[in-house]
Amino acid sequence: MYLNQQKQLEAGLREALRSLYQIEVDTVVLEQPPELAFGEYATPLAFELARRLRKAPRKIAEEIVAALGPVPGFAGFEVAGGGYINARLDRAAAVESYAMSGDVPPPRQRLHELVEHTSINPNKAAHVGHLRNAILGDTFVRLLRAAGHQVDVQNYIDNTGVQVADVVVGLMHLEGLTLRGVEEWVAELAATGERIDYACWDLYARVSLWYAGDPDQTEARKKIRLDTLHAIEAGGNDVARIAELISTAILRRHLETMLRLGIEYDLLPRESEILHLHFWDLAFEQLKAKGVLYFETEGKNKGCWVMKRPGTAETEPDGGPDEDAKVIVRSNGTVTYVGKDIAYHLWKFGLLGRDFAYRPFFRYADRECWISAETGEANHPHFGGAQAIYNVIDSRQADPQANVIEALRGLGYTEQAAHYTHFSYEMVALTPRCAMELGYEVAPEDQARPYIEVSGRKGFGVKADDLIDKLIAATRAEVDSRHPELSEAERDATARAIAVGALRYFMLRFTRNSVIAFDFKDALSFEGETGPYLQYAVVRTRSIFRKAGTTPEAALAGLRGLDLAPYLSGPGTEGIWDVWLRTAKTTLLLDQCIQTAEPAYLAKHAFQLAQDFSNFYRLHHILSEEDPARKALLLATAAVTHRELIRSLAWLGISAPEVM
């Protein structure tokens, strides 16, 4: 409702400008006044036009208000201060309309969009940092789909990279295992209920220490690592088969971990198929033909195929080689990460001229998750050929992402480059208190730090499943003490819903450019800006309807035909309109989140709505109200809060349990 009324007001203002001054403006800025007493919208339009029209802003504002006339849904307009125009909604009409119809997202052009997120190296267990990526990506997918977008979700799997190679080195050179031995080890882990992603977590840390453990062996061990990596990339040998066995088993564990948080995928494209299906060869020909790549004949990049970095000059001032050029193919013929990524993104946009084969890999409740393959099933969903791409990758990858975009531009794919978004985010760390709760030793001088960085290579960090388990255990203890009357299954489901809500909200409440220091106590608090606080607000509204013997739907329908105007302004109505106005902005926030690729705005909106409802609930005694019309409005206010909190939480991937 708020967004629709905003668009109507904007259209009215544009028409007034045409009628009065025969002018068009690029944008009409609409703001919310600092206090609702001044109205629901304000515009500084007159100030922006003052120099152009050579009139005082207040005079312009008065002329615009006079020319506006009646605008549907608005009670009136007034000039404030030196030239602001304030607009007041017809509150009673707005409440009745919003109660009946809700706030439907505006129809959009249906782009085929692709969101890539999670993308964990399949060499060890997922950790807390990976959870931020996955939760951000999954939430953004939910927002896009809520707005009517067609979205595919992909999770890129680098199963031939150096991290997988390190685990293979550990198995073969630290543990002394052959392919047969690794197969037996994997079977033994499965038989004893041990987790392969956890076992490889420890092994990966040991390998990292082993590489630097003996100075006399450093070069020899580096060569072992490089030879292992090359064997994996080449395929068709026992080293590659070990890598395939381990990475596939760990990948399955990753999907199981993410499913605990309600996170699902459509496709798992793998680096091995990008290599073996020769995606790069096709991309390389395009890049050379268009002059995006050139062969460097001198300087530090001599013998390499390179490309200009974004924003650099065409030639160096002294005529020498561009020493800052991005190397795409090294002098030894190997392709860099950026090169392979360019090829992959040409496939994403349907510009490569080659496709993967596909086979089903992981079953969800209602569909399959597919994986790339060299040979696969004939009948499979269509993947790739997207019109817009969002890559959820941390901020440290800004340079590689910028180079891929520059390559697309250089190839002439300017439209695709414009629809390529690096959905970046900062790291997740631990508070010292959280690290100590997890059993890590924290030096006294580090206990005063705001956060402690995690390191998978050093084995220091929080495994995602351990974190989820610990959150569930903490919430289960609380649920058991509060609700012993519930069955075992009900208490378990309630604890899981609260734990997942706490974790997802904690990861979403901070803007993407903020470093997060995770803390159990902060995330699980029932007070303040937390998931449990929002869930409790929903539980409180449900309690009202149980006691009133009605439902939210019936309460909203009960407003039909009532004269609501006396109850929406004036003494004794404090907090009521605040709730309705906040709920009416849900679709506006959805639109803002998509336009800015920032889910934190919706998280903040949901929290503010819960706060507004808490203030309203404190001021008004719903169940004991004697005025029938006023009681109907109070019940409907609780109902609209319930509806919009449930909807906002669902977009954030959070469910609301029946009790807390």
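Go through the stretch 485-509 and give me each residue that's of a type in the set (S, T, N, Q) and crowded, with 22+ Cβ neighbours inside 10 Å. If you could, list the steps in order and put the result at the bottom.
Filtering the stretch 485-509 for residues of a type in the set (S, T, N, Q) gives 487, 494.
Matches in the stretch 485-509: Thr494 only.
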_Failed item in (1) more than 42 Å from the chain's Cα centre (by Cα); (2) part of a loop (DSSP other than H, G, I, E, B), with Val29 passing the rest_ = (1)
*(1) among the hydroxyl-bearing types (Ser, Thr, Tyr); (2) within 30 Å of Ile328 (Cβ to Cβ); (3) out of contact with any Ser or Thr (no Cβ under 6 Å at 6 or more places or on another chain): which one isn't true of Tyr364, the others all being true?*
(2)
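Please state which one of Ala557, Ala600, Ala565, Ala548 is in contact with a Phe, Trp or Tyr (Cβ under 9 Å, 6 or more places away or on another chain), small (Gly, Ala, Ser) and either buried (at least 16 other Cβ atoms within 10 Å of the Cβ) or not assigned by TED's automatic domain parsing to the domain that holds Ala75 (or both).
On the way: Ala557 fails: in contact with a Phe, Trp or Tyr (Cβ under 9 Å, 6 or more places away or on another chain); Ala565 fails: in contact with a Phe, Trp or Tyr (Cβ under 9 Å, 6 or more places away or on another chain); Ala548 fails: in contact with a Phe, Trp or Tyr (Cβ under 9 Å, 6 or more places away or on another chain).
Exactly one of Ala557, Ala600, Ala565, Ala548 is in contact with a Phe, Trp or Tyr (Cβ under 9 Å, 6 or more places away or on another chain), small (Gly, Ala, Ser) and either buried (at least 16 other Cβ atoms within 10 Å of the Cβ) or not assigned by TED's automatic domain parsing to the domain that holds Ala75 (or both), namely Ala600.
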*Would the stretch 171-181 turn up any residue that is hydroxyl-bearing (Ser, Thr, Tyr) and within 30 Å of the chain's Cα centre (by Cα)?*
no
*Go through (1) in contact with a Pro (Cβ under 6 Å, 6 or more places away or on another chain); (2) more than 26 Å from Leu649 (Cβ to Cβ) and name the single condition Thr139 misses.*
(2)
_Whether any residue in the stretch 456-471 is under 21 Å from the mean Cα position of the chain (by Cα) and part of a loop (DSSP other than H, G, I, E, B) is what I want to check._
yes
*Is there a residue being more than 30 Å from Phe383 (Cβ to Cβ), loosely packed, with under 14 Cβ neighbours inside 10 Å and over 36 Å from the mean Cα position of the chain (by Cα) anywhere in the stretch 98-115?*
no
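Within the stretch 644-660, can you find the residues that are in a helix (DSSP H, G or I) and either buried (at least 20 other Cβ atoms within 10 Å of the Cβ) or acidic (Asp, Glu) (or both)?
Going through the stretch 644-660, the residues in a helix (DSSP H, G or I) turn out to be 644-651.
Once the filter is applied, which keeps residues that are in a helix (DSSP H, G or I) and either buried (at least 20 other Cβ atoms within 10 Å of the Cβ) or acidic (Asp, Glu) (or both), the stretch 644-660 yields Glu644, Leu645, Ser648, Leu649, Trp651.
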*asked:* Among the residues that make up the stretch 174-189, is at least one of them of a type in the set (Val, Ile, Thr), closer than 30 Å to Arg367 by Cα and either surrounded by 16 or more Cβ atoms within 10 Å (Cβ to Cβ) or without any contact (Cβ under 8 Å) to a residue 60 or more places away in the chain (or both)?
replied: yes
*asked:* Going through Ala378, Ala357, Ala373 one at a time, which residue ends up being modelled with pLDDT under 95 and farther than 21 Å from Phe423 by Cβ?
replied: Ala378
*Quick one: in the stretch 1-27, of everything that is of a type in the set (A, V, I, L, M) and buried (at least 18 other Cβ atoms within 10 Å of the Cβ), which residue is farthest from Gly83 (Cα to Cα)?*
Met1
*For Lys290, work out the one condition from (1) among the charged types (D, E, K, R); (2) within 23 Å of Val167 (Cβ to Cβ); (3) in contact with a Leu (Cβ under 8 Å, 6 or more places away or on another chain) it doesn't fulfil.*
(2)
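Step by step: first the residues of the stretch 402-430, then only those that are assigned to a loop (DSSP other than H, G, I, E, B) and surrounded by fewer than 20 Cβ atoms within 10 Å (Cβ to Cβ), then the one that is farthest from the chain's Cα centre (by Cα). Which residue is that?
As a first pass, look at the stretch 402-430 and keep what is assigned to a loop (DSSP other than H, G, I, E, B): 411-413, 419, 424-427.
This time we only want the ones that are surrounded by fewer than 20 Cβ atoms within 10 Å (Cβ to Cβ), so: 412, 419, 424, 426-427.
Values: Gly412: 30, His419: 17, Ser424: 10, Glu426: 12, Met427: 14 Å.
Across the stretch 402-430, the extreme among qualifying residues is Gly412.
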*Would you mind telling me which numbered condition in (1) under 30 Å from Gly303 (Cβ atoms); (2) in contact with a Cys (Cβ under 8 Å, 6 or more places away or on another chain) Phe361 fails?*
(1)
*asked:* Quick test for you: out of Asp612, Asp627, pick the one residue that is surrounded by 20 or more Cβ atoms within 10 Å (Cβ to Cβ), farther than 30 Å from His422 by Cα and without any contact (Cβ under 8 Å) to a residue 60 or more places away in the chain.
replied: Asp612
*Say we look at the stretch 365-393 and pick out the residues that are surrounded by 17 or more Cβ atoms within 10 Å (Cβ to Cβ) and in a loop (DSSP other than H, G, I, E, B); which of these is nearest to the chain's Cα centre (by Cα)?*
Ile393
*The lone exception for Leu581 - which of (1) over 22 Å from Ala37 (Cβ atoms); (2) within 36 Å of the chain's Cα centre (by Cα) it fails*: (1)
*Of the residues Tyr451, Tyr425, which single one is more than 21 Å from Val115 (Cα to Cα) and touching a strand residue (DSSP E or B) at 6+ places or on another chain (Cβ under 8 Å)?*
Tyr451
_Tell me yes or no: at least one residue of the stretch 342-361 is touching a Leu at 6+ places or on another chain (Cβ under 9 Å) and on the phi > 0 side of the Ramachandran plot._
yes
_Can you tell me how many residues within the stretch 553-578 are within 35 Å of the chain's Cα centre (by Cα) and within 17 Å of Leu609 (Cα to Cα)?_
4
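Restricting attention to the stretch 517-545, and to residues there that are among the small types (Gly, Ala, Ser) and farther than 17 Å from Leu131 by Cα, which single residue is surrounded by the fewest Cβ atoms within 10 Å (Cβ to Cβ)? Let's see the steps before the verdict.
As a first pass, look at the stretch 517-545 and keep what is among the small types (Gly, Ala, Ser): 517, 523, 525, 528, 531, 537, 543.
Remaining after also requiring farther than 17 Å from Leu131 by Cα: 525, 528, 537, 543.
Numbers: Ser525: 15, Gly528: 9, Ala537: 24, Ser543: 13.
For the stretch 517-545, the residue satisfying everything is Gly528.
The values are calculated or read from the model by the stated rules, or taken from the named source; none is laboratory data. Model, not experiment: these values are computed from the prediction. Cβ atoms come from the backbone with ideal geometry, glycine included; neighbour counts cover every protein chain shown.
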